[in-house]
Each structure stands twice: as structure tokens, then as C-alpha cells.
Amino acid sequence: MISEEQLVQEFTTVVDRFFPRAGELLHHCSVKIIKYYCGRPRQLFQYIGIYCPQHLLVSVEDHKSAYREIAQNMGLSEVVCMNATRLVRDPMSKLKQEDQRLWLELHWIVSQET
């Protein structure tokens, strides 16, 4: 089975190749696989999660149809864009305690926007 990191790498490579401007935006974002189980029997849905700084959110959303097309061709359910700036600065967020590596990655992305 292909690992999540390989799947993300393949996604970004395909985006770079077929949609260069959209791929350039992804280099300033964090791309992750989000797993979601639902239903009986439990069915796995995998999403592409794009965590981007607030100043790039509109640009990333403009290319969402290209991201969605590639993700669906790879067998993934959907593409979700999230504001990394808001996640890092939210005082009620438990992300820092639950997933320290993701929190640090998002913090680094947000610090690059200035």
C-alpha cells in the first residue's frame, strides 16, 4: 500500500506538471492526507488537506477545481483548504497538544508570510 507521504508527493508532482501556477502556490502551503471514517460498515474516505497562510487562501481557493480534479483521479474523495494562520493563532485550538509536528509546520508556514 502506498504511504501518505508518497501520496502527497505524487499529488504535488502532478499538480506541478499540469498546473504550474497552482503547483507554485502549494510550495507555500502544507499538504496532508486527512482520513475520515463513517458509516456502517466503517468506510474510509481520504481527503487532501491544504493548509495555507491567510494571504494565499483566496489564490488557493481559485485553483481548487484543478486540485479536486487531480485528487479524484488519484482516488481521493475531496480537497479541503484551511487557513493555517487562523489554526495557529486560535487560543482554544488543541492542535499543539494533539499533533505537534503539524502545529510546528503550520507555524513555520505562517511565519513565512511576512
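Using a Gaussian network model of the chain in which every pair of alpha carbons under 10 angstrom is joined by a spring, one finds that among 54, 43, 72 the greatest mean-square fluctuation is at 43. Helical content of the chain, expressed as a calculated mean residue ellipticity at 222 nm, amounts to -14500 deg cm²/dmol (DSSP H runs of 4 or more residues, -39,500 (n - 2.57) each, divided by residue number, nearest 500). For the chain, set up a GNM with springs between Cα atoms under 10 Å and report which of 92, 82, 74 has the largest fluctuation. Result: 92 has the largest fluctuation of those listed. Calculated over the chain, the projected area of the Cα convex hull averaged across directions stands at 8.0 nm². If R₀ is 25 angstrom, what is the calculated FRET efficiency for the pair residue 64 and residue 42, using the beta carbon separation as r and rounding to 0.05? So the FRET efficiency works out to roughly 0.35. Measuring nothing but how far apart in sequence close Cα pairs (under 8 Å, 6+ apart) lie, relative to its length, the chain scores a relative contact order of 23 percent.
Spacing of the modelled spin labels on residue 80 and residue 92, each 7 Å from Cα toward Cβ, amounts to 1.8 nm.
Placing unit charges on the Cβ atoms only, positive for Lys and Arg and negative for Asp and Glu, gives the chain a dipole magnitude near 380 debye about its Cα centre.
Run the lone-cysteine check on the chain: no other Cys C-beta under 4.7 Å from the residue's C-beta. So far as the 4.7 Å Cβ criterion goes, 38, 81 stand without a partner in the chain. For region 47-114, averaging the sequence separation of C-alpha pairs within contact (under 8 Å, six or more residues apart) and dividing by the residue count gives a relative contact order of 39 percent.
Quick note: the coordinates plus some simple rules give every number you see, no bench work behind them. As the structure is a computational prediction, the values presented were derived from the model and not from experiment. Counting neighbours? That spans all protein chains shown, and the Cβs are built from the backbone with ideal geometry, glycine included.
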